[in-house]
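For reference, the structure discussed in these notes is given below.
The values are calculated or read from the model by the stated rules, or taken from the named source; none is laboratory data. Computed from a prediction, not measured in an experiment: that's the story for all the values here. When we count neighbours, we look across all protein chains shown, and the Cβ atoms used for this are built from the backbone with ideal geometry, even at glycine.
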Amino acid sequence: MSYPAPEPDYALRLLDGDLPADPLFAEASRLRDEGKGKTVTFSKKVFVPLTTLCRDTCTYCTFAKPPGAGGEYLSPENVMAIVVAGQSHGCTEALFTLGDQPEKRWEAARNFLADRGHDTTLDYVQAMTERVVAETALFPHANPGLMSEDALRALRPSNPSMGLMLENSSPRLMEPGMPHHNCPDKEPSARIATIVAAGRAKVPFTTGILVGIGETPAEVVDSLFVLEELNRRSGSIQEIIVQNFQPKADTLMRNDPAPSVEYFARVVAVARWIFGPEMNLQVPPNLTADFGIYLDAGINDWGGVSPLTIDWVNPEAPWPHLDQLESATQARGFELKQRLPVYPEFITEEWIDPGLIEQVRSAADADGYAATTERASV
C-alpha cells in the first residue's frame, strides 16, 4: 500500500500520535534511500562566532550577550587564527555565526565597526569571509541573520553557501511571554524574505525549523509546508535542518522541557515525507544521546562537526567524536562521507560565483564531496 501524498491534515495526525510511527519511518527511509542512497554526509568545520552581540533577546539563547558580559566581536586576527587552526585539522568549512544587526542596539558594536572602517556587521562579515577565501583553503558559510538581496549578492563571491533558520513561521511566537517577543529579526515574514532573496541571488541556502520552543504541532507542520513551497518556487534550499530545542541554564526557558526523542523523530520523518527524496535533511548529532535514530527517520546529513571548536549555540553539547559518528552511521547500513559546506548538486556555474567556482571544484572529488581522505580526530 502506497503512502499518501503530503498534506497538512495528515501530517498533523502523524505528529499528534494519532497514526502509528512505523509506517511513517518506513516511508521516510524509502524516500531518503531513493534520493540519497546509502550515503550520509557531514561537514568538517570550525565555528567562527564573529560577534556575540545581538539586538534580539530570545528567551532560550545563551549565545548572545550584552557588552561587558561576554558580548563582543572577534578581531580579524582572532578570526584568522581559528580558521588557520581549522585548516591544520583538515576542516573545509568556516561557519560564521553571529548576533543579528547588533549595531542597531549597542554603541559598543557601532564603535567596533567604525574603528575598522565598517558601517554594518554585514560589511565586517564580507571583509572576513573574503579574507578567509583569499588566505586559506576553507570555505565560509555565513549565517549572519536577516539579509537583503544586495547583501546576499555582496557575500556570494566569498560564500559558496549561506544560511538562516526560519525556526517557525508563526508570528504567535513573537507575542508577549513567547520566546521571540521583542526580537525584530525573528519576524517570520522577514526571515522568509531573506530565503526568497537567496533564491533570486542564486545562493545555495540552508534553513530549517527549531522544535520545542513553545510552538504547536500545527505550527510545526505549517512551517515545514512554508519552506517546501519556498523551495518549489526557487530551488535554492540546499538543506533543511530540523533542530531540537535544549533548555539552557541562565535563560528564561531553562525549565522548559526538550521535545521527546519519539516526538522529535516523528517531526524529522514528516519533514522527509513533505520534502521528498531529493532534499538534504539534517539533524545535529550533538543534541541527542542516541542520535542514530534519526537515520531511521530519513535524514542524510549530520551537519557541521568540528575537531577544534565548540558548538557556540549549544555549548553544553559536545560534538561526537568522528569515530562515534561513523560507527552510528555504519551500524544502520550507511557510508559516512565528508562534504563541503555547499552540497554536490549545487557545485555548478548557476549556483556558485564565477570567481569561486573553480576553487570549490578543486576542493571536491568527482562526486562533489570533499576531496580529502584525511580525518583528524574529532
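Some values worked out for this structure:
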| item | result |
| --- | --- |
| Single residue of 368, 355 found to be more than 21 Å from the chain's Cα centre (by Cα), assigned to a loop (DSSP other than H, G, I, E, B) and modelled with pLDDT of 95 or more | 355 |
| Single condition residue 53 does not satisfy, out of (1) in a loop (DSSP other than H, G, I, E, B); (2) of a type outside the set (S, T, N, Q); (3) within 30 Å of residue 372 (Cβ to Cβ) | (3) |
| Among residues of region 91-115, those that are part of a helix (DSSP H, G or I) and either in contact with a Leu (Cβ under 8 Å, 6 or more places away or on another chain) or not aromatic (Phe, Trp, Tyr) (or both), counted | 11 |
| Cβ pairs under 9 Å, 6+ apart, first in region 7-31 and farther than 23 Å from residue 292 by Cα, second acidic (Asp, Glu) and outside any helix (DSSP H, G or I) | 12/18 |
| Test result for residue 129, surrounded by fewer than 23 Cβ atoms within 10 Å (Cβ to Cβ), under 25 Å from residue 369 (Cβ atoms) and either in contact with a Phe, Trp or Tyr (Cβ under 8 Å, 6 or more places away or on another chain) or not hydrophobic (A, V, I, L, M, F, W, C) (or both) | no |
| Count of residues meeting criterion [assigned to a helix (DSSP H, G or I) and among the charged types (D, E, K, R)] in region 277-317 | 1 |
| Residue 85 in contact with a strand residue (DSSP E or B) (Cβ under 9 Å, 6 or more places away or on another chain) and under 26 Å from residue 320 (Cβ atoms) | yes |
| When residues of region 3-20 are limited to those that are under 26 Å from the mean Cα position of the chain (by Cα) and of a type in the set (A, V, I, L, M, F, W, C), the one surrounded by the most Cβ atoms within 10 Å (Cβ to Cβ) | 11 |
| Pairs with Cβ under 8 Å, 6+ apart, first in region 181-206 and touching a residue at least 40 places away in the same chain (Cβ under 8 Å) and surrounded by fewer than 19 Cβ atoms within 10 Å (Cβ to Cβ), second of a type in the set (Lys, Arg) and not in a helix (DSSP H, G or I) | 184/55 |
| Qualifying residue in region 328-336 (condition: surrounded by fewer than 20 Cβ atoms within 10 Å (Cβ to Cβ) and basic (Lys, Arg)) | yes |
| Strands (runs of 3 or more DSSP E) (entirely within region 160-260) containing at least 3 residues that are of a type in the set (Val, Ile, Thr) | 205-211, 237-244 |
| Qualifying position, being surrounded by fewer than 18 Cβ atoms within 10 Å (Cβ to Cβ) and closer than 26 Å to residue 134 by Cβ, among 349, 316 | 349 |
| Matching residues, region 253-294, being in contact (Cβ under 8 Å) with a residue 24 or more places away in the chain and polar (S, T, N, Q) | 280, 282, 286, 288 |
| Of residues in region 110-126 being on the phi < 0 side of the Ramachandran plot, over 25 Å from the mean Cα position of the chain (by Cα) and not polar (S, T, N, Q), the one surrounded by the most Cβ atoms within 10 Å (Cβ to Cβ) | 112 |
